[in-house]
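Enquirer: My questions will all concern the structure given below.
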Amino acid sequence: MNYVFGKEVTIFGDSITKGMYFDGLKPQKIQNSFVEILQKEGNLSITNNSVFGQTLKRVYEKGIIQTYALQNDVDNRVCVIALGGNDSDYNWLEVQNGSAITYAPKTSLEEFSFMLENLVEILKEKNIIPILCSLCPVDSNRYFDNVLAKKFDGTKILEFLHGDKQNIYRYQELYNNEIIKLAMKTNTIFFDYRKEFLKRADYTQLMCLDGIHPNEQGHKLIAEFAQKFMEEKQSSALFSIFAHNNIKIQQNTQKNG
């Protein structure tokens, strides 16, 4: 099994946790994603179930996390949910073609909040520790100029954005705020690497030219923050309770042996 601090860790994410980005309009693999850095430098083995373009809605409707929760009755599991960026995105082809009367994101904010809370409840019922991840901040200018305007009719997309490219950033931020609210409401661990990006005035230098994926420096920053994050959680009551129980189990095993 794969353990971090005595716990089996599984990630359900999208292209960011998979370590992908757009080179032009072609998906490419980053050389050292933060998950790979944690596996190599931290000597960790993590089950990474991330899929390029994945949405929480698709995962929920297919019962992927629900099935994972029911797979076995082993305690000491950690489930990292790193989804939401694609849910907040639009079907830009529909926007370009004007084929929809009203344009809606792939997952409405209300749907997103309901499904995420339900999944957190399911995981906790099975004694699985959920960790919710923030969304990577978007560089709206790069995303528009290097992806949207190249793949679609930039003029029509900009009309939809009311002439303001930053509407892309602001709308995605709604979903990040929803994750924060849900983490607080359900007393769930929140991995806020977005904050680490935004604390830097030059955070766009941590982003790929596509404006939506961290570059290698960005992944390095996430990995460094993750290592500090895990060290803090290791000493917290949430993790130390299991560590204490695990020591007792090992001691009993040694005595019985």
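Enquirer: With the cut-off at 18 Å, tell me which of the pairs LYS57/LYS106; LYS18/LYS228; LYS26/LYS57; LYS195/LYS220; LYS195/LYS228 have Cα atoms farther apart than that. Let's see the in-between values first.
Expert: Values: LYS57/LYS106 8 Å; LYS18/LYS228 21 Å; LYS26/LYS57 24 Å; LYS195/LYS220 15 Å; LYS195/LYS228 14 Å.
Listed pairs above 18 Å: LYS18/LYS228; LYS26/LYS57.
Enquirer: Starting from the Cα gyration tensor of region 103-154, take the square roots of the eigenvalues, sort them a ≥ b ≥ c, and report rounded, prolate or oblate (rounded when a/c is under 1.5, otherwise prolate if a/b is larger than b/c, else oblate).
Expert: Details: a/c = 4.54, a/b = 2.38, b/c = 1.90.
Prolate.
Enquirer: If I take all pairs of Cα atoms in region 103-236, what percentage of them are more than 22 Å from each other?
Expert: On the way: 4272 of 8911 pairs.
For region 103-236, the share of Cα pairs beyond 22 Å comes to 48 percent.
Enquirer: Identify all lysines with a Cα-Cα distance to LYS126 below 16 Å; exclude those on the same chain that are fewer than 8 residues away in sequence.
Expert: Filter leaves LYS7.
Enquirer: Please list 92-99, 193-200 highest first by mean number of surrounding beta-carbon atoms within 10 Å per residue.
Expert: 193-200, 92-99
Enquirer: Which residues' amide hydrogens lie under 5 Å from the amide hydrogen of SER50, considering only partners 5 or more residues apart or on another chain, with H built in the peptide plane?
Expert: So SER50 has HN proximity to GLY13.
Enquirer: Return the ratio Rg/(2.2 N^0.38 Å) for region 157-196, where Rg is computed over Cα atoms only. Please report the intermediate quantities before stating the final value.
Expert: Working: Rg = 13.7 Å, N = 40, 2.2 N^0.38 = 8.9 Å.
For region 157-196, the normalised Cα radius of gyration is 1.53.
Enquirer: Under the 0.36 nm per residue contour assumption, what length would be gained going from the current alpha-carbon distance of GLU117 and GLN66 to full extension?
Expert: 17.1 nm
Enquirer: Which whole-number percentage describes the relative contact order of region 1-158, with Cα contacts under 8 Å and a sequence gap of 6 or more?
Expert: On the way: 226 pairs, mean separation 40.4, N = 158.
Relative contact order here is 26 percent.
Enquirer: Let me ask something else about it. Just to confirm, what accessible area per residue do you get for region 150-225 at 1.4 Å probe, in whole Å²?
Expert: Working: 3990 Å² over 76 residues.
So region 150-225 comes to 53 Å² accessible per residue, rounded to a whole number.
Enquirer: What do you reckon, how do GLU117, GLU173 stack up by accessible area (1.4 Å probe), largest on top? Walk me through the numbers on the way to the answer.
Expert: Working: GLU117 40, GLU173 60 Å².
Ranked from most to least accessible, the order is GLU173, GLU117.
Enquirer: Still on this structure: Pop out the carbon and sulfur fraction of the accessible area of region 8-108 as a percent, whole number, probe 1.4 Å. List each step's numbers first, then the result.
Expert: Working: 2270 of 4780 Å².
With neighbouring chains kept in place, the figure for region 8-108 is 48 percent.
The values are calculated or read from the model by the stated rules, or taken from the named source; none is laboratory data. Given the structure is predicted, the values throughout are model-derived calculations rather than measurements. Note: ideal-geometry Cβ built from the backbone for every residue, glycine included; neighbour counts use all protein chains shown. Heavy atoms of the whole protein, side chains included, go into the accessibility calculation; ligands, DNA and RNA do not. Shrake-Rupley method; radii C 1.70, N 1.55, O 1.52, S 1.80 Å.
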